[in-house]
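We did not get these values from a lab; they are worked out from the coordinates using the rules stated. Everything quoted here is computed from the prediction, not taken from an experiment. Positions of Cβ are generated from backbone atoms using ideal geometry, with glycine treated the same way; all protein chains shown enter the neighbour counts.
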Amino acid sequence: MHDFSISVIIPVLGEQENINTCISHLRDILGPETEIIVSDGDPQGSTIAKVQDPGAVTIISPAGRASQMNAAAAVAKGEILLFLHADTTLPEKASEIVHETFTLPSVTAGAFALSFDDNHPLTKLTAFVGNIRTRLERVPYGDQAPFIRAKDFHSLGGFPEIPIMEDVEFFQKIKKKRELIVIHRESVQTSARRYHQTGIVKSFLRNWMLRLLHFSGIAPSKLARMYKPNKTK
């Protein structure tokens, strides 16, 4: 089986406290030679200034998750691009899972199931319902560490540079082409910090409302004004 080279792309804004733990975990899981690209949306580079790993690639990009991920993808050298949030950790066998995914016929992209790092009933419900949705729709969110062949990512034009729902619109484009997106049962683990900062009930209701409004055709620019996540200090 051909071992694909992987580039991990981490868009960040105010992630000084998490970035080195994230990179260290990636080195343990994916190996010391894996390309890791940290794309900072802060013009001052506040997060990349704290990166301690000498092998990590750091860039500054215009703020916005889509812009930051596209900028990193433009310099990535790996055959596979894996997009990761700084507060999300991959499962132990992530490398094997990614490689095995692309041995399947007609597969364009993949992602992991979602879990959170706490046991609050609403965060567990969010993950449970979200995992059912992604298995039915085959359209993952960015916090599920989606991955795709670099050549396919570029041929699709990268993420649409919209303020919100760029991940959903990108993977819907793949789905419309009748290409396969594999959603694995192995889970990433994402921090529930933003749910606690905003309020778990409020976050749960807001996220589902935004998803329904997006499905109904409301413009991402309008949705972005409704979604105002707290910035990490």
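How much length would be gained if the chain were fully extended between Glu33 and Arg206, taking 0.36 nm per residue of separation minus their Cα-Cα distance, in nm to one decimal? Working shown, then result.
On the way: separation 173, 0.36 × 173 = 62.28 nm, distance 3.97 nm.
Contour length minus Cα-Cα distance gives 58.3 nm.
Tell me whether the range 2-84 comes out rounded, prolate or oblate; compute the Cα gyration tensor, take square roots of the eigenvalues as a ≥ b ≥ c, and use a/c under 1.5 as the rounded threshold. Intermediate results must be reported in sequence, preceding the final value.
Values: a/c = 2.19, a/b = 1.30, b/c = 1.69.
Oblate, because a/c is 1.5 or more while a/b does not exceed b/c.
Kindly state, to the nearest 0.05, the FRET efficiency for Glu137 paired with Ser24, given R0 = 35 Å and r defined as their beta-carbon distance.
Details: r = 33 Å, r/R0 = 0.96.
So the FRET efficiency works out to roughly 0.55.
Note down the nm distance, to one decimal, between modelled labels 7 Å out along Cα→Cβ at Ser221 and at Phe128.
Output for this residue pair reads 4.0 nm.
Got the relative contact order for the range 1-111 handy, in percent, Cα pairs under 8 Å and 6 or more residues apart? Could you put the intermediate results ahead of the total?
Details: 188 pairs, mean separation 40.3, N = 111.
Here the relative contact order equals 36 percent.
Taking N as the number of residues in the range 44-197, what is its alpha-carbon radius of gyration divided by 2.2 N^0.38 Å?
Normalised by 2.2 N^0.38 Å, the Cα Rg of the range 44-197 equals 1.04.
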